[in-house]
Amino acid sequence: MRKKFYLTTPVYYVNDVPHIGHTYTTVAADALARYKRMRGYEVFFLTGTDEHGDKIQQAARKKETTPIELANRVVSRFQSLWKTLHISNDDFLRTTEERHIKVVKEVFLKLYRQDDIYKGTYEGWYCTPCETFWLESQLEGKRVCPECGQAVKKIKEESYLFRLSRYQNRLLQHLEKNPEFVLPPTRKNEVVQFIRGGLRDLSVTRLRLPWGIRCPVDEKHTIYVWVDALLNYISALSYPSDSLFLSFWPANVQLVGKDILKFHAIIWPALLMALGLEPPRLVFAHGWWKMTGEKMSKSKGNIVDPNPLIKDYGADALRYFLLREVPFGEDGSFSLPLFVKRVNSDLANDLGNLLNRTVPLVTRSCGGRIPHPQDGNSAGFEDLTKNTLSRLDQFMDRLSFSEALSAIWQMVKAANLYIDRSAPWRLAKEEEKQKELHTVLYNLLETLRILALILFPFIPSSAQKIWEEIGMEENLDSQILEARDIWGGLVPGREVKKGPPLFPRIKE
Ligand SMILES: [Zn+2]
């Protein structure tokens, strides 16, 4: 039986159209999902949309439409963006789907019956934009939301509460025993500090909020949108009894932006513990893309729209920039000059030129057919390949996409240097150097074949183009990466097919 790998992005909130932040999480998840498939895993990659709550209702009212119509419109924007970006998700869950609603109600009932949820009163401060309740102590004397800075309002009302306090010690033990449960480590420390500060029971229903999942024990209430949203990770697997759930839970990696880490590293595992389920293996909080040092937000009007970037420079250029430019987990600065510089130097110059220099040499001096290597001397590229593959594995396990790409680029650069040094265009002119020429070209083409394989998770459509140009006819997306005997898979005698430049240079 193949090893299983379950990977999720958050369900994205449909009060806003997709921007670079959503794109970042989803592209990272896609690279990891594709990589794991290539390593032989059976992968389940889930993304989707979060469609209930106060904010959606308000946004719909402003646009003079209904919440579900608003959601439908925004959902199609997400789905078409993921398609343009070649996102290979296995499922797309909408929290308004019946399959999800059913599970949320079942979970609520179960927790209520076992006294993990009880009826009480809720008193606190509520931020509508963030749909978050704040304690007096968290506001530090101010009447504004610590997250978004908007005014909060005092609320006291009947509510159902989840006994979060009951799980405080178990959560701390879990974090202690599983140092890799929350990464990066700095984020984990924040979570531990927060739990140590004391967890209060969590209000999990709302009165007078019609746009939500009806509370199964009290019709006046709807279920708190965060509890609703978090449960998507198991409802998509048809919890509790479907074979999908039994074979894929616990999730291996759950990717989140750092702003929603507390929900995923505290409330989520506590809910799972209450249900008698294992927490996910890893919750990874990545950083934000900022514009001139500020977090992007709709109110500041500084949101980067991925669509024009894809239209002008291609999906792969954007995918590459997002994963290469900044270590995953840290904040990054987005600017067009940085984007152009990165695409030109790495994709147009290094990778594009390697392909553009190699394939025409085969056309001119080998009749367009892949030559046989004459002396079996890989000029060090066989070892370099094995070494790169093992480093790649380590980096991908730590979600270090930037380092993974940097390791791959050492191969790209080594191959470019090899062309300069061995000067195949000169060898081509000398009759007695033909064997040497064939070996050099073979080594270059075989290196390109391996690059196509290992770049496929990151820049899938460009990898496909490289693959085809060097005469590979097998399906790239069903290839399995095996470090042991990877070198030598190129097929001599097949025809190369020169294509247009992989990444045209962008004018700065
Ligand atoms: Zn707020």
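What to note about this one:
- Filter result for residue 201 (of a type in the set (Asp, Glu) and over 30 Å from residue 60 (Cβ atoms)): yes
- For region 235-262, the tally of residues that are closer than 29 Å to residue 147 by Cα and under 18 Å from the mean Cα position of the chain (by Cα) stands at 11.
- Checking residue 135 against (1) surrounded by fewer than 14 Cβ atoms within 10 Å (Cβ to Cβ); (2) away from the ligand (no atom under 16 Å from the Cβ), the condition it does not meet: (2)
- Within region 312-338, the set of residues being aromatic (Phe, Trp, Tyr) and crowded, with 21+ Cβ neighbours inside 10 Å comprises 320, 321, 328, 334.
- Here residue 64 fulfils each of the conditions (1) over 31 Å from the mean Cα position of the chain (by Cα); (2) within 16 Å of the ligand (Cβ to nearest atom); (3) not hydroxyl-bearing (Ser, Thr, Tyr) apart from (2).
- Residue 173 vs. criteria buried (at least 18 other Cβ atoms within 10 Å of the Cβ) and either of a type in the set (D, E, K, R) or under 26 Å from residue 138 (Cβ atoms) (or both): no
- Restricting the search to strands (runs of 3 or more DSSP E) fully inside region 209-302 and requiring at least 1 residues that are touching a Leu at 6+ places or on another chain (Cβ under 8 Å) and within 30 Å of residue 4 (Cβ to Cβ) gives 253-257, 283-286.
- Number of the exception - residue 104 against (1) more than 16 Å from the ligand (Cβ to nearest atom); (2) over 31 Å from the mean Cα position of the chain (by Cα); (3) not in a strand (DSSP E or B): (2)
- Taken over region 366-413, the criterion of being within 18 Å of the chain's Cα centre (by Cα), in a helix (DSSP H, G or I) and crowded, with 17+ Cβ neighbours inside 10 Å is satisfied by 392, 395, 396, 401, 402, 403, 404, 405.
- Considering 363, 358, the condition of being crowded, with 20+ Cβ neighbours inside 10 Å and either modelled with pLDDT of 95 or more or over 27 Å from residue 428 (Cβ atoms) (or both) is satisfied by 358 alone.
- Exactly one residue among 267, 303 is more than 24 Å from residue 83 (Cα to Cα), surrounded by 14 or more Cβ atoms within 10 Å (Cβ to Cβ) and of a type outside the set (Asp, Glu), and that residue is 267.
- Residue in region 139-196 that is nearest to the ligand (Cβ to nearest atom), counting only those that are in a helix (DSSP H, G or I) and among the aromatic types (Phe, Trp, Tyr): 194
- Criterion (of a type outside the set (Lys, Arg) and either away from the ligand (no atom under 11 Å from the Cβ) or surrounded by fewer than 18 Cβ atoms within 10 Å (Cβ to Cβ) (or both)) met by exactly one of 122, 126: 122
- Picking from residues in region 13-25 that are among the hydroxyl-bearing types (Ser, Thr, Tyr) and under 15 Å from residue 288 (Cβ atoms), the one that is surrounded by the most Cβ atoms within 10 Å (Cβ to Cβ) is 24.
- Residues located in region 457-487, provided they are assigned to a loop (DSSP other than H, G, I, E, B), surrounded by 13 or more Cβ atoms within 10 Å (Cβ to Cβ) and touching a residue at least 40 places away in the same chain (Cβ under 8 Å): 457, 458, 459, 470, 471, 479, 481, 483, 486, 487
- Criterion: out of contact with any His (no Cβ under 9 Å at 6 or more places or on another chain), farther than 27 Å from residue 274 by Cα and not aromatic (Phe, Trp, Tyr) - qualifying residue of 129, 185, 179: 129
The values are calculated or read from the model by the stated rules, or taken from the named source; none is laboratory data. Remember, it's a predicted structure, so these values are computed and weren't measured experimentally. Please note: Cβ atoms are built from the backbone with ideal geometry, for glycine as well, and neighbour counts cover all protein chains shown.
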